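The values are calculated or read from the model by the stated rules, or taken from the named source; none is laboratory data. Keep in mind that what you see is a predicted model, and the values were worked out from it rather than measured. Cβ atoms come from the backbone with ideal geometry, glycine included; neighbour counts cover every protein chain shown.
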């Protein structure tokens, strides 16, 4: 005789909700903190727009700490399905178990669900967020026969890089018009230097040279490079230099090789680094 299948909700298999206990280092570049707080208080989801490595993810960690809400981050990709976000039935220990996806789990715990680079997900996947991102604030879970209503503490946030995405991967108007958009960019030169020094411990003179190289690579965007050196790459390079790696070697590994595989562009960036260091 077959053992009857039981349907459970397994907390052990749920995605991890991070509690940010220590204040993350974050330097505001505008009024993004006030905008996010106002959107949060108004129950409006937030869209972060900006280039790779300019601080969007760190900003989300900072806001999770500031608002004292658990943070669930989803790195979106081409194979991400609606079930990956909402949840599915799994068989474990001879039992059929319902496992909440990150979106459903964030709703249940009143947390922040952050969909990083959302346009990388399949277009049909983003449709499931629409009821959560308007006045209804509901998440239909058809496979589970449940309708989740988001508490006031829940917030949905997404990010994407409008300058990098192709026409086929633009965010649809039916999605983006549900959000308050906050634009990010690279910090001013003085602020970026402050960030690099604080994150890496590199001296001010070497940091100034790194920033000069970064600006040169950013001027190459659209002329051989998809993106210039981000603040994140500068911090990586500075940390290598702080550990004793020669500046040109650090620039090659952490900047040039991270930006391109094209042999001609690699040589060009290496020559720029050699002219500075």
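Tabulated data
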| read-out | value |
| --- | --- |
| Selected residue [modelled with pLDDT under 90, in contact with a helix residue (DSSP H, G or I) (Cβ under 8 Å, 6 or more places away or on another chain) and part of a loop (DSSP other than H, G, I, E, B)] from 124, 78 | 78 |
| Subset of the stretch 61-78 that is touching a residue at least 24 places away in the same chain (Cβ under 8 Å) and out of contact with any strand residue (DSSP E or B) (no Cβ under 8 Å at 6 or more places or on another chain) - its residue that is surrounded by the most Cβ atoms within 10 Å (Cβ to Cβ) | 62 |
| Selection count where residues are crowded, with 17+ Cβ neighbours inside 10 Å and either outside any helix (DSSP H, G or I) or in contact with a strand residue (DSSP E or B) (Cβ under 7 Å, 6 or more places away or on another chain) (or both), scope the stretch 179-222 | 8 |
| Residues (touching a strand residue (DSSP E or B) at 6+ places or on another chain (Cβ under 8 Å) and closer than 20 Å to residue 161 by Cβ) located in the stretch 121-132 | 121, 129 |
| Hey, residue 140 touching a strand residue (DSSP E or B) at 6+ places or on another chain (Cβ under 8 Å), surrounded by fewer than 21 Cβ atoms within 10 Å (Cβ to Cβ) and part of a helix (DSSP H, G or I) or not | no |
| Residue 115 touching a helix residue (DSSP H, G or I) at 6+ places or on another chain (Cβ under 6 Å) and in the same structural domain as residue 41 (by TED's automatic domain parsing) | no |
